Amino acid sequence: MSELFNLAGRTALVTGANTGLGQAIAVALAQAGADIVAVGRSDAADTAARVAAVGRRFDFIAADLSGAEPAQRIVAEALARQGRLDILINNAGIIRRADSLDVSEEDWDAVINTNLKALFFLSQAAAAHMAQQGGGKIINVASLLSFQGGIRVPAYTASKSAVAGLTRALANEWAVKGINVNALAPGYFDTNNTAALKADPERSASILARIPAGRWGQPTDLGGAAVFLASRASDYVHGIVLPVDGGWLAR
């Protein structure tokens with residue numbers, strides 16, 4: 001059974017892997033045996049050290065994931081550096097908080113372009129290669145707001161709802177090519193994106209009161225689910241959006 005989860009000999013490309021959920025996913029995949037290519041604007045030296053500590057190879061590709069432009073270059077560079085691409089983790093994302101009456105077009109476009117447009121075109125570029133090699137795994141990072149409306153984050157909610165739908169659409173097309181397209185939907189995790197919520201005593205308390213597990217998620221809580229969806233253990237799993245939320249949606 002352990003061999004089903006073994007990622008030895010595989011290469012994973014992880015966007016937004018410098019901190020938080022992306023870093024935790026990259027390290028978990030490395031612990032399962034995968035080599036890592038991290039993509040983002042910010043230095044990922046800490047992630048590189050953690051991946052190296054478990055004996056796996058690490059490469060970093062600098063790219064601005066605010067649109068479609070770098071997608072083909074990222075995949076080509078990953079292949080040039082590591083010779084293969086088996087797993088894509090679309091984790092990079094941004095959030096802009098404001099009352100819906102006050103959201104600017106600039107903020108709306110920034111969130112949609114990063115969270116949805118870049119995700120699609122990077123998936124497209126990766127899938128073109130994966131189809132030629134006989135298969136691969138694409139894992140999108142959705143959100144609880146793929147299922148719910150949220151408060152003061154209309155563009156983020158729109159983008160993450162679209163990520164859930166796109167995950168199913170791409171799974172329908174690409175399953176026959178041996179490509180599994182699935183998504184993770186993290187709940188309330190202790191990351192930079194939720195710092196504003198945790199800093200608000202009333203909002204933080206109301207969130208915590210609804211989580212059956214009784215705590216905020218830690219980035220490492222996402223690792224096992226990511227390894228499952230990246231491994232042979234999920235070969236017959238297509239188009240799911242898997243909540244990792246401490247039971248939030250069950251309440």
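Rule-based calculations on the coordinates, nothing more; no lab input. What you see is a predicted model; the values in this text were computed from it and never measured. Cβ placement follows ideal geometry from the backbone for every residue including glycine, while neighbour counts extend to all protein chains displayed.
Grab the beta carbon distance between A68 and S206, set R0 = 35 Å, and tell me the FRET efficiency rounded to 0.05. Efficiency computed from Cβ-Cβ geometry: 0.40. Secondary-structure-derived ellipticity at 222 nm for the chain, considering helices only, amounts to -12500 deg cm²/dmol, per-run term -39500 (n - 2.57) for DSSP H runs with n ≥ 4.
With all pairs of different C-alpha atoms in the average, the Kirkwood value for the hydrodynamic radius of segment 104-169 is 12.7 Å.
Basic side chains Lys and Arg get +1 at the Cβ, acidic Asp and Glu get -1 at the Cβ, and with that the dipole of segment 155-251 about its Cα centre reaches some 100 debye. Overall, the chain carries a charge dipole of about 560 debye about its Cα centre when +1 sits on the Cβ of Lys and Arg and -1 on the Cβ of Asp and Glu, all other atoms neutral. Seen from all directions on average, segment 162-251 presents a Cα convex hull projection of 6.6 nm². Only Cα sites of segment 192-232 enter the Debye sum here, all with the same form factor; the resulting log10 I(q)/I(0) across q = 0.21, 0.29, 0.31, 0.34 1/Å is -0.75, -0.99, -1.04, -1.10, listed in q order.
Rg and Dmax, both from the Cα atoms of the chain and both in Å, are 17.2, 52. Hydrodynamic radius of segment 6-137 by the Kirkwood approach over all distinct alpha-carbon pairs: 15.1 Å.
The value given for segment 82-226 is a Kirkwood hydrodynamic radius of 16.4 Å, derived from the mean inverse Cα-Cα separation.
Note: segment 69-130, Cα convex hull, 80 Å³ per residue.
For the chain, the longest principal axis of the alpha carbon atoms and the long axis of helix 201-210 meet at an angle near 60°.
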